[in-house]
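Everything on this sheet refers to the single structure shown next.
The values are calculated or read from the model by the stated rules, or taken from the named source; none is laboratory data. Remember, it's a predicted structure, so these values are computed and weren't measured experimentally. Glycine gets a Cβ as well: all are built from the backbone with ideal geometry, and neighbour counts include every protein chain shown.
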Amino acid sequence: MSQPRLSISGLSVDFPELGRTVKAVRDCNIEVSAGEIMGLVGESGSGKTVTAMSCLGLVPPPGRVRGEILLDGFQVVGRKDAELSHVRGGLAAMIFQNPGKALNPFFTVGHQIADVLKVHRRIGDGEARERVIEAFGTVHLPDPNIVFEKYPHQLSGGQLQRAMIAMALTCEPKLLIADEPTTALDVTIQAQVVVLLRELAATHGLSILFITHDLGVVAALCDRVAVMYGGTVVEQGTVINVLGQPLHPYTTRLLASVPKLGLGKAELTAIPGQVPDMGALPPGCSFHPRCDRATERCRQEDPVIRDFGGQRLAACFHVESEPAPAGQSVA
């Protein structure tokens, strides 16, 4: 069996504060294979972005990172910035939710991306320009030579996101981490970005860790999905299995809260309560205060994620006795 492109094992990230410690990520385990698109979903505050930042050694102080993160076999946790210089951009690259804030408004888009390429690949201005223009063509930006000389404010949101994807691709990384890249875009542009990412994974063998709260995008783009709650993965499996027949009650409630076309008038079911305070997690299962299946055992013990076969993983005491009903497609 080939080595996974990204392997996260036992990852925990803490942020010490005055009088308490915020446990942003708790014993997280995720693997992404070559050419695979893994979705990472959950409500805001569930630990998705901190997990992504940990993969590149970007957790800010006073954050403490423990566990193991292997990028193409290279251990990230515990490394100094100088040791990670070849990882950031070379092995893995990251694109963010708001591309406008990721680019300097005082420099043209093309020259900014060329500067990144020159730092990582030690090449001249002419070759850097050629590679950036080629990358613009790869992400289907019209008139790449003209786009090279434009400033960020002269491009639309969709064009900026394509430019950021091009920046990530110029150094030919093996893993692309996309942190909610379609959230700020309208539905039509979202669909175009989804098609582009799927194309890049298929043609370049690019692995993608796609972070989002949009289950519809997950259904359209991803091969597998991991659902996070309270800083840990509570369910994981293929998109068809997890979205079609969820095992964990949190996944079930997430799906029930998504509007579905073609079903006529239907009342949306909101998840009661709020995401737990990561500095004061409840005892036992972190979801039990919001769960309609919770028992006394859930209030006292924290369930360990278990393998239910067929690449199905879930952390719940009541999966076998009370299986979740098959859900409607969210695509």
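Before moving on, here are some points about what is shown:
- Selection within segment 118-137 - without any contact (Cβ under 8 Å) to a residue 24 or more places away in the chain and of a type in the set (Gly, Ala, Ser): GLY124, GLY126, ALA128, GLY137
- Pairs, first at pLDDT 85 or above in segment 163-192, second basic (Lys, Arg) and buried (at least 22 other Cβ atoms within 10 Å of the Cβ), C-beta under 8 Å, six or more apart: LYS174/ARG5; LEU175/ARG5; ASP179/LYS48
- ALA220 being in contact with a helix residue (DSSP H, G or I) (Cβ under 6 Å, 6 or more places away or on another chain) and surrounded by 21 or more Cβ atoms within 10 Å (Cβ to Cβ): no
- In segment 1-22, the residues that are among the β-branched types (Val, Ile, Thr), farther than 17 Å from ALA34 by Cα and crowded, with 17+ Cβ neighbours inside 10 Å: VAL13, VAL22
- Contact annotation: residue pairs with Cβ atoms under 6 Å, 6 or more positions apart or on different chains, pairing a residue in segment 138-160 that is under 19 Å from ASN98 (Cα atoms) with a partner that is in a loop (DSSP other than H, G, I, E, B) and polar (S, T, N, Q), are TYR151/THR108.
- Restricting segment 159-198 to residues that are in contact with a helix residue (DSSP H, G or I) (Cβ under 8 Å, 6 or more places away or on another chain), assigned to a helix (DSSP H, G or I) and among the polar types (S, T, N, Q), the residue that is surrounded by the most Cβ atoms within 10 Å (Cβ to Cβ) is GLN161.
- Against the test of being within 30 Å of THR170 (Cα to Cα) and among the basic types (Lys, Arg), the options ARG20, ARG79, ARG26 yield a single qualifying residue, ARG79.
- Any hit, segment 251-273, residues being touching a strand residue (DSSP E or B) at 6+ places or on another chain (Cβ under 9 Å) and either part of a helix (DSSP H, G or I) or at pLDDT below 90 (or both): yes
- Cβ-Cβ under 9 Å pairs, at least 6 apart or on other chains, segment 16-36 side over 19 Å from VAL59 (Cβ atoms), far side modelled with pLDDT under 90 and of a type in the set (Ser, Thr, Tyr): SER33/SER2; ALA34/SER2
- Look at (1) within 23 Å of ASP179 (Cβ to Cβ); (2) in contact (Cβ under 8 Å) with a residue 24 or more places away in the chain; (3) surrounded by 13 or more Cβ atoms within 10 Å (Cβ to Cβ) and you find that ASP115 fails only one, number (2).
- Qualifying strands (runs of 3 or more DSSP E) (wholly inside segment 35-140; at least 1 residues being modelled with pLDDT under 90): 92-95
- Filtered residues of segment 301-331 (kept if hydrophobic (A, V, I, L, M, F, W, C) and modelled with pLDDT of 85 or more): VAL304, ILE305, PHE308, LEU313, ALA314, ALA315, CYS316, PHE317
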